[in-house]
Amino acid sequence: MGTHELAAVPGEEEVRDALAAMLSYAGTLHDELVALRRDLHRHPELLYETDRTAAIVAGLLTEWGLDVNTHVGPHFGKGVVATLRGARSGNRTILLRADMDALPITERIDEDYVSTVEGVMHACGHDAHTAMLLGAAKTLAAHRDQLPYEIRFVFQPAEEGALPSPLDGRLLSGGRDLIDGGVLDGVDRCYALHVWPELEAGTAGIHSHYAMAASSHFHVTLTGKNGHHGTPHLAVDAIQMTASYIAAVNGMMTHGIDPRESAVLAFGTVQAGTVINAIAEQSRLTGTFRAFTKSTVAAITAGLARHAEAVALSHGGSYSIALREGIAVVNDTAAVQDVIRAGASILGPDHMLRLETPSLAGEDFGWYLDQVPGAFILLGCGNAELGITSGLHQPTFNLDEQVLVHGTRLLVQLAVDSSIA
C-alpha cells in the first residue's frame, strides 16, 4: 500500500468486531481516567485561564499520535484541537467536544482530591468531561487502523462564562472563540456530553429537540452625576435610575414577551454608591436571561437596551450595555437516534432515557449545534448510596467515577457509528 493509500471502508461485521475491541480497551482505562480526573479536579482553572489543563491535554494527545493544534481561537487562543485520521477510507468528519474550565466556588467535599485552589472548583464536572474525551481519544488512536477517515477532538475553555474579546470587544465564551477559529470547518456531525447528577450513574438521557435554553448574560452601567443629599436637584441619582430600570425590565418580561414562550430574567448583582450621604454617580447591574427561540432572545436583548436608553434619557444620565448572547441547545433528530442506539448498546435499553422537559440551564455547545447537526447528551453521575446527590454548581458537587468509562465508551461508539453512517 502506498503512503497515501487508504484501506476500503470495512463491512458492518468487521466494524462491530473492531468496536467490541475498542469498548473492551476503554474498560481497561478506568484507573487512568480516575487519576486524570482527580488531578484536574485538584487544579481547577477559570474561563480562559486553562493553561495547565490545556498543556496536559495536548501532551497526552501528542503522545498518542494525534495531530494536535494548541492556542486555537483567534480571540483568546486557549483551545486544544486534535485530529485523528484513520487508515480506512471515508469522507466524514465527526467532532467530539469537552470543556475544561471550572467555577469560582469554594469546594466543600471530604476527599483527598479536593481543590487546591482557593475559591475555585470543578463544580460542573468539566474535569470529568475532559478525562472522558481523552479516554475516547486514546481508545480510538489505539485502533486507528479500523477507523474511517477523520475524528476531531475539541477541548474548549470558558464554557462557564465570557470575557470581552481583545479583538472586537464582544463578550465571547470559549465555544464561539473556537468556532471563529474554524473548528467546525468540514464537520458532518458533532457530539458532547455533560454529567448530570439528577440521573443515576449507569444511565444517560437525551432530549428529542430542545435540550437547554439560550442563557444570555448582561452588564448594564447607568451613569448620572454625584452630589450632596442636601442638594439632590443638582445631581442625577444613579440609584434612582437603577430602580426605574429594574422595574421597567421586569415589566417588559411580564407584558412585553409572548407568554406562550418560556423565558425568565433575573438580576444577579447591583453595585452603586460609595458613601451613605452622597448621591451615587454610577450603578452597575448584571444578570442573565434564558429563553429558547432566537426571536425571544432578540426581543429581550433589544428591550434591555431600549429601557436603559429610556431611563438614562428621562433622568438626564447616560448608559452602556454589554451582553453575552446565548443560544439554545437544539438536538438533531438523526443524531438523537444515533445516541439512543449507542446508549442502549453501552448502558442497556432501559438505562438510555428519553427526556421530555428541557433544562433552563445554558450550554454554549448550542453554537456548535446551530451550524452542524449533532446532539448533547446528559450522562447520569449521581449515586444516592454513596451520598453523591448534590447538584451542579454546588460546593458539595461530586460524581460517581464509574461514569468515566461509561462516557468514554459512549463517545467511542458514537464516533465509530457516525463515521460509517
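The values are calculated or read from the model by the stated rules, or taken from the named source; none is laboratory data. Source: prediction; values computed, not measured. Cβ sites come from the backbone with ideal geometry, for glycine too, and all protein chains shown count toward neighbours. The area values use the complete protein model at the heavy-atom level, side chains included, leaving out ligands, DNA and RNA. Shrake-Rupley method; radii C 1.70, N 1.55, O 1.52, S 1.80 Å.
What's the ranking of 188-196, 63-71, 29-37, 95-103 by average number of surrounding C-beta atoms within 10 Å, highest first? Can you show the working numbers first?
Working: 188-196: 24.3, 63-71: 15.9, 29-37: 17.4, 95-103: 26.7.
Ranked from most to least packed, the peptides come out as 95-103, 188-196, 29-37, 63-71.
Based on the Cβ-Cβ distance of A243 and E198, what FRET efficiency does E = 1/(1 + (r/R0)^6) give at R0 = 35 Å, to the nearest 0.05?
Working: r = 37 Å, r/R0 = 1.07.
Once the sixth-power term is evaluated, E becomes 0.40.
Roughly how many Å is it from the Cα centre of region 115-142 to that of region 283-323, as a whole number?
Computed from Cα coordinates, the inter-centre distance equals 36 Å.
Based on Cβ point charges of +1 for Lys and Arg and -1 for Asp and Glu, what charge dipole magnitude is obtained for region 215-324 about its Cα centre, in debye rounded to the nearest 20? Provide the component values of the computation, followed by the final result.
Details: 7 positive and 5 negative charges, 53 e Å.
Roughly 260 debye for region 215-324.
Ranked highest first by average number of other Cβ atoms within 10 Å, how do 295-308, 235-248 line up?
On the way: 295-308: 18.1, 235-248: 20.0.
Averaged packing, sorted descending, gives the order 235-248, 295-308.
What order do you get for 399-409, 252-262 when each peptide is scored by the mean count of other beta carbon atoms within 10 Å, highest first? Present the calculation step by step, with values, prior to reporting the outcome.
Details: 399-409: 23.9, 252-262: 12.5.
The densest-packed peptide leads the list: 399-409, 252-262.
Hey, what did the chain get for relative contact order, percent, Cα under 8 Å, at least 6 apart? Let's see the in-between values first.
On the way: 979 pairs, mean separation 95.4, N = 421.
23 percent.
What distance in nm separates the two pseudo spin-label positions at D51 and D110, each 7 Å out from Cα along the beta-carbon direction?
3.7 nm
Counting only protein chains, not ligands or nucleic acids, how are S418, S390 ordered by accessible area (probe 1.4 Å), most first? Intermediate values should be presented prior to the final figure.
Working: S418 0, S390 25 Å².
The ordering from most to least exposed comes out as S390, S418.
With point charges of +1 on the Cβ of Lys and Arg and -1 on the Cβ of Asp and Glu, referenced to the Cα centre of region 215-324, which listed residue (A235, A298, A248) lies farthest in the positive direction of the dipole?
Result: A298, furthest along the dipole toward the positive end.
Pop the C-beta distance of T286 and D39 into the FRET formula with R0 = 35 Å and round what comes out to the nearest 0.05.
Values: r = 33 Å, r/R0 = 0.95.
Result of the calculation: an efficiency of 0.60.
How far is it, in nm, from the label point at D188 to the one at D17 when both lie 7 Å from their Cα along the line to the Cβ?
2.4 nm
Ignoring any ligand, DNA or RNA, what whole percent of the accessible area of region 215-324 comes from carbon and sulfur when the probe is 1.4 angstrom?
Values: 3230 of 5820 Å².
Of the solvent-accessible surface of region 215-324, carbon and sulfur hold 56 percent.
As a test, work out the antiparallel percent of DSSP beta bridges whose residues both lie in the chain, rounded to the nearest 5. It would help to have the intermediate numbers written out before the result.
Details: 47 of 74 bridges.
Counting DSSP beta bridges with both partners in the chain, the antiparallel share is about 65 percent.
Working with all protein chains in place, sort T274, T221 by solvent-accessible area computed with a 1.4 Å probe, largest first. Could you put the intermediate results ahead of the total?
On the way: T274 135, T221 30 Å².
So, going from the largest accessible area down, we get T274, T221.
7 Å from Cα along Cα→Cβ at both R354 and R144: what's the point-to-point distance in nm?
It is 4.0 nm.
How much accessible area per residue does region 215-324 have, in Å², with a 1.4 Å probe?
Values: 5820 Å² over 110 residues.
For region 215-324, the per-residue accessible area is 53 Å².
Using a 1.4 angstrom probe, figure out how much accessible area region 47-107 has per residue, in square angstrom, rounded to the nearest whole. Write out the running numbers ahead of the final one.
On the way: 2320 Å² over 61 residues.
Per-residue accessible area for region 47-107 comes out at 38 Å².
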